[in-house]
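Rule-based calculations on the coordinates, nothing more; no lab input. Just so it is clear, the structure is predicted and the values come from calculations on it, not from any experiment. Counting neighbours? That spans all protein chains shown, and the Cβs are built from the backbone with ideal geometry, glycine included.
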Amino acid sequence: MSDPTPGPGVHPATDAPPVIVVRDVVKRFGDQTVLDGIDLEVSPGETMVIMGGSGSGKSTLLRVMIGSIPPDQGEVFLFGQPITRLDEDGLNEVRKRFGILFQSGALFNSMTIAENVALPLLEHTPLARSIIDMMVKIKLELVGLREHADKYPAQISGGMKKRAGLARALSLDPRILFYDEPSAGLDPVTSAEIDRLIVDLTEKMGVTSVVVTHEMDSAFTIANRMAMLDKGRMLRVDSRAAFERLRDVPADEVAALPESDQLIRQFLRGDPEGPITRRKAATNYAEDLLGSVENEHERTPAVEPSRIAR
């Protein structure tokens, strides 16, 4: 199947066909709509940062993009393949063409770093063990861990675990790398090292990167384009420069911005005042307080009293 044509409101960074297309994706969990009509395209060789606050839907979007969970509506295309319509065997073939760096690294604790990196090669290729060992050393050298190949995950730092997870994600020479909060839980220096590694890999290997994060320093360091989610809606997809301009709008000009741009600006700057905090103040407390009164006579104790007052 050929690559789908670009959808409305989506702006690829180049004229090349997109390697990732998310079209009108809706995902619900029970009565809650977590993704609400998401459209997104990612071009070859670019780094797309997907950002948003807690509960915005960014991690769910990542899971839909890699085929971990199916959408309730819409389609996702990777390399022109409609992964939402593929059977498990077809999806597994597509998965060999991308790698994932999980938030925790997701290393197997009973295996050495080298054994963790070798695992995808042993499982999915017919290569001789000597060739696999050579490739493992190459991947570990790319992330600066070749001298730590024989250590176990418990023997290395959190930043090293992230790099080891990245080496494993690179083992099958993927064309796309997905990152789930790559800087989470790291000190500023280690976080900067991971950012530089992402940029270097994108430039040297030509991979397409999709990075889910709420760390703005990292986002503005690595991104070519950025996508902002809020309550399951895509507020904006634009270049890093466009988001930088919005972030730097002077305070006395903010009132003239649309509400969505004010919200994005507050998130980018981490300001304590703005649409996000006003929304929380206007809903959470009032709903909780009024709801407790309305439901006062409907509640059933979780545990029945063992004694009856006389």
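Quick notes on this one:
- Among Ser191, Ala281, Ser43 the positive-end extreme of the charge dipole of the chain (Cβ point charges): Ser191
- Longest to shortest principal axis, alpha-carbon extents of the chain, angstrom: 76, 62, 43
- Sites Glu123 and Ala16, calculated FRET efficiency, Cβ-Cβ separation with R0 35 Å, nearest 0.05: 0.65
- Spatial separation of Cα centroids for segment 173-231 and segment 98-170, in angstrom: 19 Å
- GNM top mover of Lys27, Lys280, Lys161 - the chain, alpha-carbon springs below 10 Å: Lys280
- Here's the list of lysines a cross-link from Lys27 could span, going by alpha-carbon distance under 27 Å and ignoring same-chain residues fewer than 8 apart: Lys58, Lys96, Lys231, Lys280.
- Candidates Arg233, Arg278, Arg23, ranked by Gaussian network fluctuation over the chain, Cα under 10 Å, top entry: Arg278
- Counting DSSP beta bridges with both ends in the chain, the antiparallel % (nearest 5): 55 percent
- Normalised per residue, the volume of the convex hull around the Cα set of segment 109-181 (Å³): 93 Å³
- Across the chain, Cα pairs under 8 Å and at least six residues apart give a relative contact order of 21 percent.
- Amide H within-cut-off set for Thr84, under 5 Å, with H built and near neighbours excluded: Val76
- In this calculation the C-beta distance from Ile138 to Arg279 is compared with R0 = 41 Å, giving a FRET efficiency of 0.25.
- Placing a pseudo-label 7 Å from each Cα along the Cα-to-Cβ vector at Ala242 and Phe108 gives an inter-label distance of 4.4 nm.
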